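Chemist: Sharing a structure with you now.
Read the figures in this text as sums done on the coordinates, not as results from a lab. Only a predicted model underlies this, so the values are computations on that prediction, with no experimental measurement involved. As a convention, Cβ positions derive from the backbone with ideal geometry for all residues, glycine included, and neighbour counts pool all protein chains shown.
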Amino acid sequence: MKACLLIGVSLPLYLGCGGPREIDAKEALIEALQSAQTTDRLRAAREIRDLRYVHPETVPALLAALKDEDQLVRIAAAEALAELGADGQPHLNDLAAARSADGDPAVQLAIERTMFRIRKASGPPR
């Protein structure tokens, strides 16, 4: 039996099911992160986080979401970026800049946690 993945942005998108409704999950999530609807952006960031895998092509959209007008979107984007683990090392400067630019302590804390998780996954400095 073939497994299907349901991405719940705006309209449900069934992935891995074949046929005309199958679309590329990462493209759907990137599009949702750029939606005019806050709920779509929040849901997309949370879905990436909950998948516990960040496709490299979604990273620019997640970094952009750190500047979103909505606090919960910014926090969810930071939490999703934490799933990069050691692969997030090249983005530490972007994360530090986002933390410094954001005046919301909850968002700053979420970004700090993300940076901590990336550094921890990267191992000791060489």
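Chemist: If we sort 88-94, 24-30 on the protection proxy, mean other Cβ atoms within 10 Å, highest first, what's the order?
Modeler: Ranking the peptides 88-94, 24-30 by packing returns 24-30, 88-94.
Chemist: Where does the charge balance sit around ALA121 when Lys and Arg score +1, Asp and Glu -1, over other residues with C-beta under 12 Å from its C-beta? Kindly include the intermediate steps, with their values, before the conclusion.
Modeler: On the way: positive: ARG117, ARG119, LYS120; negative: GLU83, ASP87.
Result for the local shell: +1.
Chemist: A further question follows. Among 51-61, 96-106, 76-86, how do they line up by average Cβ neighbours within 10 Å per residue, starting with the highest? Each step should come with its number before you reach the end.
Modeler: Numbers: 51-61: 15.6, 96-106: 13.5, 76-86: 23.1.
Descending mean neighbour count gives 76-86, 51-61, 96-106.
Chemist: On to the next question. Evaluate E = 1/(1 + (r/R0)^6) for GLU27 and ARG52, where r is the Cβ-Cβ distance and R0 equals 22 Å; express this FRET efficiency to the nearest 0.05.
Modeler: Efficiency, from the Cβ-Cβ distance: 0.70.
Chemist: For segment 106-123, in order, what is each residue's ³J(HN,Hα) by Karplus, 6.51 cos²θ - 1.76 cosθ + 1.60 with θ = phi - 60°, in whole Hz (x at glycine and Pro)?
Modeler: Those phi angles translate into 5, 5, 4, 5, 4, 5, 4, 4, 4, 4, 4, 5, 5, 5, 5, 5, 7, x Hz.
Chemist: OK, next. So what is the relative contact order for segment 52-126, in percent, with contacts set as C-alpha pairs under 8 Å and at least six apart?
Modeler: In percent, rounded to a whole number, it is 33.
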